[in-house]
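Notes for the one structure printed next.
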Amino acid sequence: MPGALHRLVRMMTFPELASGLGVTFKWFHKPKVTEFYPDKRPVLPYRAKGRLHVDLETCISCKMCERACPEDCIKVFQPPKEVFKTDKRPVQFFISLEHCIHCGMCVDPCPTGSIHHSQEFEMASYLRNDYLFDRTTLPYDLDVKHFKQGILENVVEKGQ
Amino acid sequence: MTFESLMTYVGWPLIKIVILLGVVAFCVAYTVYIERRLLGFFQSRVGPNRVGPFGLIQPIADGLKLILKEDIIPANAQPFLFRIAPIFAIVPAFVGFAIISFAPPLVTGAGVVHPFVVKDVNLGILFLLSITSLGVFGIVLAGWSSGSKYPLFGSLRSASQMLSYEIPLTLSVLSVILMAGSFRLSDIVDAQSKLPFAIPLILAFGVYVISAVAETNRIPFDLPEGESELVGGFHTEYSGMRFAFYFLAEYANVVLVCCVATSLFLGGYKIPFVPYETLLAAHPILVSALGLAVFGVKAVLFLYFYIWIRATFPRYRYDQLLRIGWMVLLPIALLNLFLVAGIKLWLLR
């Protein structure tokens, strides 16, 4: 008889339904997981692999990145031999983002650290030529200072 | 016929009907917005927020899109019934609002009373119940005339569901009528000036809430339009404005159920624990405005509960649905009716 009474009480008060309602009510007040991307820029991780940036002033045209690239999207042109003895900066540097898979294999062998991933990820374009970066477009897109500051900020954030 | 009598019997009701239609259509459109927004919150999303500030223009954009879409009539359909079915669905949903008094009557001068209701029918509840049960015709006709199997299944399910749940709903409303001693909606609201009926008639209120969810074909009783089983249910073959009619009818029914629940169980436009006479002595216009606001707040709270239910529960199986209707809700409603009748007969003479 107590069992039957207990069952009747449970049947009339719906404890399961109430607990279910409680769960949804809890989630109603929690912060939402949606990222408001175009309105608010996302906080990228410290080692986010964005577009490749090259510091053409420190590059020594050693072609290590060109050899390491699995997709052959990097092409480096050394200066003529006489110039190369004194000035090792490349005369031309091509990166094709159409082929780049953002694997980071070119970044590892670089002896001077002049090629690296940036935090830039908005690379969509209507023109194919926009994906081919050369000597004229690379330095202008380059924002090493900003990039290094970004790393520093991230490090500081991590330290805290 | 003089101008005055023409105004009394035709003019003022027409003006009221036009205002009410506009307000109700606006409320229904924004009920859709509120529902999508709150559902988003319940599911840890944000809901529509792109069109206008906080996505507030979203219902207008949706309506515009549906108007501009092509109106397709399938080759197998019966064109006349197919065309007329959405009207059967939407008209009862909007007509039901005619008897609901949204605010206390405005008293200006000696004996001049402006009621905030299109027509305070003396058999208001019966009118409401009979009109809203006409809505099932729209669904059945849609399923029958579409010439497709999913709408037919959906409409058959809907017919049995709405007929089953009509009975507990009516019985729970009957106990309210017993308590108030009148079929007139304004009398029922007046009878709740001390205590909302939801407290003494808690059983009837529970039965009403559950069967109202089933009557409006919403989750967890949304079998007639179960997306995972029946594509879209009875409105699978509809597109464009005719689909919008079904959409509007569904949400108009939701708003109507909220308004009726507010009037019958939550005390209508009465402010809880504040005697009506002291307020009326203060300022008549203030009383009406406050009453309207209180009615709105109660209805929106009930709507919130409705959406909360939708965000929480999964869909019932078909046999479970009918078993709840016939074997749980109907006995509870009958028991409640007997109890209320007994109390009314012997204790509250």
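Worth pointing out:
- Globularity index of the protein assembly as shown, i.e. its alpha-carbon radius of gyration over 2.2 N^0.38 Å: 1.42
- Rounded Å value of the spacing that divides the Cα centres of region A:1-33 and region B:1-65: 34
- The HN-Hα couplings worked out from phi for region B:238-253 by the Karplus form 6.51 cos²θ - 1.76 cosθ + 1.60 (θ = phi - 60°) are 8, 9, x, 5, 5, 5, 4, 4, 5, 4, 4, 4, 4, 6, 5, 4 Hz, whole numbers, x standing for Gly and Pro.
- Length gained when the stretch B:I199-B:L156 is fully extended (0.36 nm per residue, less Cα-Cα span): 11.9 nm
- Compared with the rule-of-thumb size 2.2 N^0.38 Å for a compact globular protein, chain B has a Cα radius of gyration ratio of 1.03.
- Contour minus Cα-Cα distance for B:W12 and B:F137 (0.36 nm per residue): 41.9 nm
- The label point for B:I19 and the one for B:Q78, both projected 7 Å from the Cα toward the Cβ, are 4.2 nm apart.
- Averaging Cα coordinates gives a centre for region B:182-214 and one for region B:250-273; these two points are 9 Å apart.
- Extension gain, A:F121-A:T13: 0.36 nm per intervening residue step, less the Cα-Cα distance, totals 33.5 nm.
- Region B:68-156: relative contact order as a whole-number percent, Cα under 8 Å and 6+ apart: 37
- Residues in region A:66-73 carry Karplus couplings, in order, of 4, 6, 6, 5, x, 9, 6, 9 Hz; the curve used is 6.51 cos²θ - 1.76 cosθ + 1.60 with θ = phi - 60°, and Gly or Pro positions show x.
- Label-point separation, B:K69 to A:K75 (7 Å along Cα→Cβ), nm: 5.1
- Overall form of region B:192-277 per C-alpha gyration tensor (a/c, 1.5; a/b vs b/c): oblate
- Once the Cβ-Cβ distance of B:D319 and A:T137 is raised to the sixth power relative to R0 = 56 Å, the FRET efficiency obtained is 0.25.
- Rounded tilt (10° steps) of B:284-312 against the dominant C-alpha axis of chain B: 40
- Sequence-distant lysines (8 or more away, or on other chains) whose Cα lies within less than 18 Å of A:K81: A:K63
- Computing FRET efficiency as 1/(1 + (r/R0)^6) for B:F54 and B:L178, where r is the C-beta to C-beta distance and R0 is 41 Å, gives about 0.35.
- Computed 3J(HN,Hα) for region B:136-149, one whole-Hz value per residue from the Karplus formula 6.51 cos²θ - 1.76 cosθ + 1.60 where θ = phi - 60°, is 5, 4, x, 5, 5, 5, 4, x, 6, 8, 5, x, 8, 6, glycine and proline marked x.
- Cross-link partners of B:K194 among lysines (Cα-Cα below 18 Å; sequence separation of 8 or more within a chain): B:K270, B:K298, B:K344
- Within the listed set B:V113, B:V255, B:V189, the residue fluctuating most in the Gaussian network model of chain B (springs between alpha-carbon atoms under 10 angstrom) is B:V113.
- Placing +1 on the Cβ of every Lys and Arg and -1 on the Cβ of every Asp and Glu, with no other charges, gives chain B a dipole of roughly 420 debye about its Cα centre.
- Other-chain or far-sequence residues with amide H under 5 Å of A:I115's (modelled H): A:D55
- Three-way shape call for region B:1-57 based on the alpha-carbon gyration tensor, with the a/c threshold at 1.5: prolate
- With a cut-off of 14 Å between beta carbons, the residues surrounding B:V32 carry a summed charge of +2, where Lys and Arg count +1 and Asp and Glu -1.
- Residue among B:I167, B:I219, B:I73 with the largest mean-square fluctuation in a Gaussian network model of chain B, springs linking Cα atoms under 10 Å: B:I73
- Sum of side-chain charges, B:V189 neighbourhood, beta-carbon under 14 Å (Lys, Arg +1; Asp, Glu -1): +1
Quick note: the coordinates plus some simple rules give every number you see, no bench work behind them. Since the model is a prediction, treat every value here as computed from it, not as a measurement. In this analysis, Cβ positions are derived from the backbone assuming ideal geometry, glycine residues included, and neighbour counts consider all displayed protein chains.
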